[in-house]
Amino acid sequence: SGKVGFNWQPTKNEFFYLFWARGYKPGLGNLGVVPPTGKETVDDTEAGWKGTYAGGHLQTQLGGYYMNYYDLQESIFNPYNAAGTADSNIPYSYVTGLEGSLQSRVGGLSLSLSADLNKSVLGNTRTAATYAFPSSFGRTNQCAVGQAPGANNSVCTDYFGVNGGPDYMKTL
């Protein structure tokens with residue numbers, strides 16, 4: 001991983017910063033149940049301002065960030081795995097946001113105010129729309145093409161709609 005940053009303090013009470021950093025997570029083996037998960041990479045760009053005023057009684061922070069993920073590792077529903085989940089890579093995803101806060105201390109009184117605005121977008125993936133599962137849902141295996149679900153999906157469940165049945169999956 002690496003980080004490149006720029007800091008500027010135009011006065012003793014104000015501080016500005018800008019940085020770019022890259023981080024990694026190694027791939028996961030998934031214990032041989034499903035194909036291994038590849039590594040995850042994230043590029044993080046952040047900028048912000050911090051200020052101290054009124055003799056140190058008032059502190060402010062304002063910052064923004066953009067985190068760009070490549071092959072985000074996520075635990076997703078996987079009907080082919082007996083555990084029901086598996087780690088998988090989700091292609092290009094990002095998180096962006098703004099954060100602001102204000103703190104004040106006067107005598108024995110402390111006040112704090114903060115606000116955040118965040119947006120995240122996941123790359124295309126298929127995952128279970130769990131609200132759509134039948135009430136009898138249990139962790140059953142995915143039906144093979146041409147195999148019909150049993151009573152109350154006891155033999156298999158058609159999670160993907162491969163047999164023309166209900167499609168409990170959605171593309172994000």
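Only one of these is surrounded by fewer than 15 Cβ atoms within 10 Å (Cβ to Cβ), in contact with a strand residue (DSSP E or B) (Cβ under 6 Å, 6 or more places away or on another chain), among the hydroxyl-bearing types (Ser, Thr, Tyr) and at pLDDT 95 or above: 112, 101, 120. Name it. Reasoning before the result, please.
Values: 101 fails: surrounded by fewer than 15 Cβ atoms within 10 Å (Cβ to Cβ); 120 fails: at pLDDT 95 or above.
Answer to the check: 112.
Of the residues in the range 131-149, at least one is assigned to a strand (DSSP E or B), more than 27 Å from residue 42 (Cβ to Cβ) and at pLDDT below 65. Figure legend. Inter-residue proximity from the range 61-81: first residues modelled with pLDDT of 95 or more, second residues basic (Lys, Arg), beta-carbon distance below 9 Å, spacing 6+ or different chains. Indicated pairs: 61/50; 62/50; 63/50.
The values are calculated or read from the model by the stated rules, or taken from the named source; none is laboratory data. What you see is a predicted model; the values in this text were computed from it and never measured. Neighbour counts are summed over all protein chains in view; Cβ atoms, including those assigned to glycine, are modelled from backbone coordinates with ideal geometry.
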